[in-house]
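Report on the structure given below.
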Amino acid sequence: MAAREPSTPGPRVGAGATKSPRPPRQGARRLRAVVLFVAGVLVFTDYFPVAITAFVTVIAMLLAIGVLERRLRAVAWAAIVAVSAFVGDVLWQLGWEPFDRSTDYESIPQTPFVLIALPVPMALVAVGVAAGALYHRLRSRAPADEH
């Protein structure tokens with residue numbers, strides 16, 4: 001069997017071969033979705049440092065998603081926050097220790113409050129979209145560096 005030249009393109013064979021390479025943007029979107037979902041669920045844990053860190057992460061992710069997407073329809077990402085609140089309530093109902101708020105004065109599900117406050121994460125995404133648009137507008141108007 002003749003060896004191929006290194007510059008000749010062709011299909012890869014073996015363990016590193018992929019059937020259909022995924023565009024890198026799609027992988028980054030999935031990563032953002034996973035981080036937003038996991039942080040959204042961890043907001044409802046009983047461990048205060050974890051909950052605060054997750055809350056800050058959710059806010060940062062929503063702003064970053066707005067900046068990166070640069071479209072107002074990116075507010076749909078806020079739905080992940082509502083789904084993560086529902087999952088946090090399910091984990092509470094199942095009695096998983098990190099989410100067990102049955103010792104609270106009045107333990108109630110959090111999903112209704114998240115649904116009522118859903119415009120807040122949507123507004124965070126919209127602020128990110130506006131910030132991204134402003135950045136790109138200012139960047140395109142900046143004079144080119146002359147060397």
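Quick note: the coordinates plus some simple rules give every number you see, no bench work behind them. In this text the structure is predicted, and so the values were computed from the model without any measurement. All Cβ positions, even for glycine, are placed from backbone atoms using ideal geometry, and neighbour counts span all protein chains on display.
Tabulated results
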| read-out | value |
| --- | --- |
| Sum of side-chain charges, residue 44 neighbourhood, beta-carbon under 9 Å (Lys, Arg +1; Asp, Glu -1) | -1 |
| Mean Cβ count within 10 Å, highest first, over the residues of peptides 115-124, 56-65 | 56-65, 115-124 |
| Hz values of 3J(HN,Hα) by residue in the range 84-99 - Karplus curve (6.51, -1.76, 1.60), Gly and Pro given as x | 5, 5, 4, 5, x, 5, 5, 5, 5, 5, 6, x, 5, 3, x, 10 |
| Around residue 132: net Lys/Arg minus Asp/Glu count, Cβ-Cβ under 13 Å | +3 |
| Karplus-derived HN-Hα couplings along the range 70-79 (A = 6.51, B = -1.76, C = 1.60, θ = phi - 60°), whole Hz, x at Gly and Pro | 6, 9, 5, 6, 5, 5, 5, 4, 5, 4 |
| Mean separation of Cα contacts under 8 Å, 6 or more apart, over the residue count of the range 29-147: relative contact order % | 34 |
| Whole-Hz ³J(HN,Hα) from phi, Karplus 6.51 cos²θ - 1.76 cosθ + 1.60, for the range 26-40, glycine and proline x | 5, x, 5, 5, 5, 4, 4, 5, 5, 4, 5, 5, 5, 5, x |
| Where trypsin sites (Lys or Arg not before Pro) fall in DSSP loop in the range 28-104, at most 14 other Cβ within 10 Å | 71 |
